[in-house]
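First comes the structure, then the notes that go with it.
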Amino acid sequence: MLPLRVLLTGAAGQVGSAVRASAPPRVELTALTRAQLNISDEAEVHRAISDYQPFLIINAAAYTAVDKAESEPAAALAINADGPRYLARAAETIPGCRLVQLSTDYVFDGAAAEPYRPTDATHPLSVYGRSKLEGERAALGVLAERAVILRTAWVYAATGRNFLLTMLRLMRERAEVRVVNDQFGSPTSAASIATAIWAIALRPAVRGVLHWTDSGRTTWYDFAIAIAAQAQAAGLLTTPVKVTAITTAEYPTAARRPANSVLDTRETVAQLGLSPPGWQSALRVTLSNMK
């Protein structure tokens, strides 16, 4: 059997690093960082796809500075909307080439009481959310039969910029941290997302919009409580820290966040034959690997 030739963008990011580290044996992976491939440059994208001739493109490159995007909409759109469009156009030139495009809970407004299904109406509240939604539509518009949109939420890893690492830093510097307690979601490890991506890669019939997060529902406050407890147990924090609950109104940000970021993953579980880990157990594994 010929190896599955895969091109990964954003290879130095949280999810990109996890995808790179967990590539299955039969995959021939070319992993490109932003320095090696700027997906907002259409000519550069076409050259790379033409040179590598992949059977699958995994786009883990993204503009993720949610608040900064409010003042830099053009930069966010160039990477999150134009980038997927250029990748899809390049993939279209290669017979059978598929595209897995990562997306986000921020395409929803968070007003729903129930977990969001892939078919639910979108209504982003921020520039970042709109840019990611445009990226979804661009990929599906060009490559409808060969594109997979994988939405996820509350992503963290042992490297990069994320809530877990921010909390660990603040908890080492301060006796108290104040964390929002009225936004709900499912903390999701980059390793878990990588597992889902590789399952999609090995199932050519999978297409369309899917949701993947670790299982369970919590708030940022309770996530922080779990980080503090598990980090102390792992020896990553040496002194107890007080975690105080606050409201979204008490922590204003440039970009509005969805109050409910819980995604319904049942369709993805059925299609991929995978069960996502509980978010607390996934957090424990991540922290244990940081010792």
Given Leu287, Val209, Ala43, which one lies farthest toward the positive end of the charge dipole of the chain, if we put +1 on the Cβ of every Lys and Arg and -1 on the Cβ of every Asp and Glu?
Leu287
Net lengthening on full extension, His46/Arg137 (0.36 nm per residue, minus Cα-Cα)
30.8 nm
Rg(Cα)/(2.2 N^0.38 Å) for the range 220-291, N = residue count
1.43
What nm value, rounded to one decimal, do you get for the distance between Ala65 and Thr239 when each label is placed 7 Å out toward the C-beta?
3.2
Applying a 10 Å radius around every beta-carbon, put 247-256, 46-55 in order of their mean neighbour count, most first.
46-55, 247-256
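Per residue, how much space in cubic angstrom lies within the convex hull of the C-alpha atoms of the chain? The partial results should precede the final answer.
Values: hull volume 35.9 nm³, N = 291.
Each residue corresponds to 123 Å³ of Cα convex hull volume.
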Indicate the gyration tensor shape class of the range 1-87 (rounded, prolate or oblate), computed on the Cα atoms with a ≥ b ≥ c the square roots of the eigenvalues: a/c under 1.5 is rounded; otherwise a/b larger than b/c is prolate and the rest oblate.
oblate
For the range 1-131, what does the relative contact order come out to in percent, with C-alpha contacts under 8 Å and a separation of six or more?
25
Protection-proxy order for peptides 228-238, 13-23, each taking the mean of Cβ atoms within 10 Å per residue, highest first:
13-23, 228-238
Expressed in angstrom and ordered largest first, the alpha-carbon extents of the range 182-240 along the principal axes are 50, 28, 11
Under 10 Å, Cα contacts only: if you run a Gaussian network model on the chain, which one of Asn80, Asn59, Asn162 comes out with the highest mean-square fluctuation?
Asn162
Given 20 °C and 1.002 mPa s, how large is the Stokes-Einstein diffusion coefficient of the range 108-212 in µm²/s, with Rh as the Kirkwood radius over Cα pairs?
133
Give the relative contact order (percent, whole number) for the chain; include only Cα pairs under 8 Å separated by 6+ residues.
20
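Whole number please: convex hull volume per residue of the Cα set in the range 81-134, in Å³?
81
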Average the reciprocal distances over every distinct pair of alpha-carbons in the range 41-98, invert the result, and give the Kirkwood radius in Å.
12.2
What residues have an amide H closer than 5 Å to that of Tyr116, excluding those fewer than 5 places away on the same chain, when H is modeled at 1.01 Å from N in the peptide plane?
Val262, Leu263, Asp264
Where does the chain land at 222 nm, in deg cm²/dmol rounded to the nearest 500, when only DSSP H runs of n ≥ 4 count, each adding -39500 (n - 2.57), divided by all residues?
-10500 deg cm²/dmol
Which of Val27, Val209, Val107 ends up with the largest GNM mean-square fluctuation for the chain, with Cα atoms connected below 10 Å?
Val27
Give me the accessible area per residue for the range 153-211, probe 1.4 Å, as a whole number in Å².
41
For the range 16-147, with equal point scatterers placed on the C-alpha atoms only and solvent neglected, what are the log10 I(q)/I(0) values from the Debye formula at q = 0.13, 0.19, 0.22 1/Å, to two decimals?
-0.56, -1.11, -1.34
Relative contact order computed over the range 1-66 (Cα-Cα under 8 Å; 6+ residues apart), in percent:
47
How large is the translational diffusion coefficient of the range 162-291 in µm² per second when you combine the Kirkwood radius over alpha carbon pairs with Stokes-Einstein at 25 °C and 0.890 mPa s?
153
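The values are calculated or read from the model by the stated rules, or taken from the named source; none is laboratory data. This structure is a prediction, so every number in the text was calculated from the model and none was measured. Glycine also receives a Cβ, built like all others from the backbone with ideal geometry; neighbour counts cover every protein chain displayed. Calculation scope for accessible area: heavy atoms of the full protein, side chains included, ligands and nucleic acids excluded. Shrake-Rupley method; radii C 1.70, N 1.55, O 1.52, S 1.80 Å.
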